[in-house]
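Inspection log for the structure reproduced underneath, given as structure tokens.
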Amino acid sequence: MTESPAGSASLAPDAAMFAALDATVARARRSALYRERLAGVRIRSLADLQTIPLTTREDLQAAGPHGTRAVPLSSVCHYGESSGTTGSSNSTWLTADDLARNAEALLTAHPGVFARGRIILNRFPFMAAPAHLIQLIAQRGGGVAIPAGNINWDVPFPRALELLRRTDAQVLAGLPLEPVVLGEIQRAAGLDPAALPIDTLFLGGAPLPPALRRRLARVWQASVIELYGSTETMLLGTSCAAGTVHLETSLAHCELLPLDGERTRLVVTTIGVDGSPLVRFDTGDVVRVTACACDDPRPGLVILGRAADAMDLGGRRFYPYELIDAAAAAADALDSSVFFIVVLPDRVLVRIETRIERGRDATEELRRRLPGVPAETELVEPGMLLDVEMLSRSPHVYKPVVLSDWRGPGRRILTVGEGMMEWPRPGFAEGRRWLRRTLRTAARRRRLARGLAPSRGR
């Protein structure tokens, strides 16, 4: 890692990387987004790269759905959009080779996880690229994939758990809350999640701090692998056996712009994407470089969260990763995986589902991890934060969240269930029509059941 003239830290490239960066710039010039910005630009040194302005999410949105596309549609096989959790969605166009490079990198990094004959329950939402990568890995001999995206009417949570049981799947792939929900459904049935044959949890798309990772590993008696990337950049890295996320340097060149102390902001130039290449894309992610005891020479990172999600509490700046880590540790002290964080103007409240009546240990653990921050725990009965039955009937499912900041505008969420779904809120007239239809349908159903009504279908 070297210091650049612009004052940003960069993972030092070699001659081969300079050639790859130059090729990326040439490809990117074919898109409307970069046609003028990169006119005449060549990459022969770090200075050449760092003279290029950063690409922001606002730039991508202004470019429009086709603005990042650098190849003809005849070369594209996949279109994706970001979830829009932190704003408007961004568009990405991918070629078959783009997907293949990402799938090959995952196969190479985790050959034991994705091996022929192993069964993978693929719970990633199918609008997101990881879901398609899992399917492609299976097609390349990396196991047997069960396409069961969690935002999917065909496979609600209870059926997903039943699929795990019936197929003896060894890998559960999805968002970090997925094993929490499925584990609670299993426990509600009087069964132990560790009794299932799952030996690997392959999780990405949301913070996975150490306390939550350890809890999931213990509850499921499984290895936990963290997947890091985004719709815009595709795969950026996965974690090793020690839990450290290592950058996938064959697919992206990363720069680290200093923020404060050891915290840096991640800027990415894609190497492995032809369809929608990005040059110096400001991911908005705040990361920290970390050493790792494993023998992987690639840089290790801790992903703290989006810069825009940082919160100033008790005179310190915290990121979602740090708050979720503290809350998960507090919940674990009460033998629970289910918690929800509410950031109030005067304190941090962590609500925890538990059968234990006193939470002193949890409160002490929370305050130990958030020094100087007024913090308290609230113990609630099972089902108050996560109604697993309701999840199978929700009309609108979100990317799950377990943290809500009440200090500004937006939804004031109190439970995990509310963070995953939102029921429609009809106006008075619409509600009256809905009630009338419901009552008439119910009356018709009763008459038909009694066999009294004549047929009207002729």
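When you restrict to C-alpha pairs under 8 Å that are six or more residues apart and normalise by the size of the chain, the relative contact order lands at 12 percent. Can you classify the chain as rounded, prolate or oblate using the Cα gyration tensor, where a ≥ b ≥ c are the square roots of its eigenvalues, rounded means a/c under 1.5, and otherwise it's prolate if a/b beats b/c and oblate if not? Because a/c hits 1.5 or more and a/b exceeds b/c, the chain counts as prolate.
Across the range 298-369, the mean sequence separation of Cα contacts (distance under 8 Å, 6 or more residues apart), normalised by length, yields a relative contact order of 25 percent. Sparse packing (at most 12 other Cβ atoms within 10 Å of the Cβ) combined with a DSSP loop state is found for none of the GluC sites (Glu not before Pro) in the range 80-162. Note the angle between two axes, namely the Cα long axis of helix 210-220 and the longest principal axis of the Cα atoms of the chain, as a number of degrees from 0 to 90, rounded to the nearest 10. Helix 210-220 sits at roughly 50 degrees to that axis. Report, in degrees rounded to the nearest 10, the 0 to 90 angle that the Cα long axis of helix 320-332 makes with the longest principal axis of the chain. Long axis of 320-332 versus the principal axis of the chain: about 40 degrees.
When Lys and Arg each count +1 and Asp and Glu each count -1, what net charge do the other residues less than 9 Å away from Thr269, Cβ to Cβ, add up to?
Working: positive: Arg280; negative: Glu255.
After counting each charged neighbour, the total is 0.
What do you get for trypsin sites (Lys or Arg not before Pro) in the range 26-78 restricted to DSSP loop and a cutoff of at most 12 other Cβ within 10 Å of the site's Cβ? Walk me through the intermediate numbers first.
On the way: sites: Arg27, Arg29, Arg30, Arg35, Arg37, Arg42, Arg44, Arg57, Arg69; in loops: Arg29, Arg30, Arg35, Arg37, Arg42, Arg44, Arg69.
Taking the range 26-78 and a limit of 12 other Cβ atoms within 10 Å, the loop trypsin sites (Lys or Arg not before Pro) found are Arg42, Arg44.
As a length-normalised measure over Cα pairs under 8 Å and 6 or more apart, the relative contact order of the range 119-269 settles at 16 percent.
Computed from Cα positions, the angle between helix 129-139 and the longest principal axis of the chain comes to roughly 90 degrees. Grab the other residues whose beta carbon is less than 9 angstrom from that of Arg42, score K and R as +1, D and E as -1, and report the net. Summing Lys/Arg as +1 and Asp/Glu as -1 gives -1.
Read the figures in this text as sums done on the coordinates, not as results from a lab. Here the structure is a predicted model, which is why all the values come from computation and not from measurement. A quick note on method: Cβ atoms are made from the backbone with ideal geometry, for glycine too, and the neighbour counts reach across all protein chains shown.
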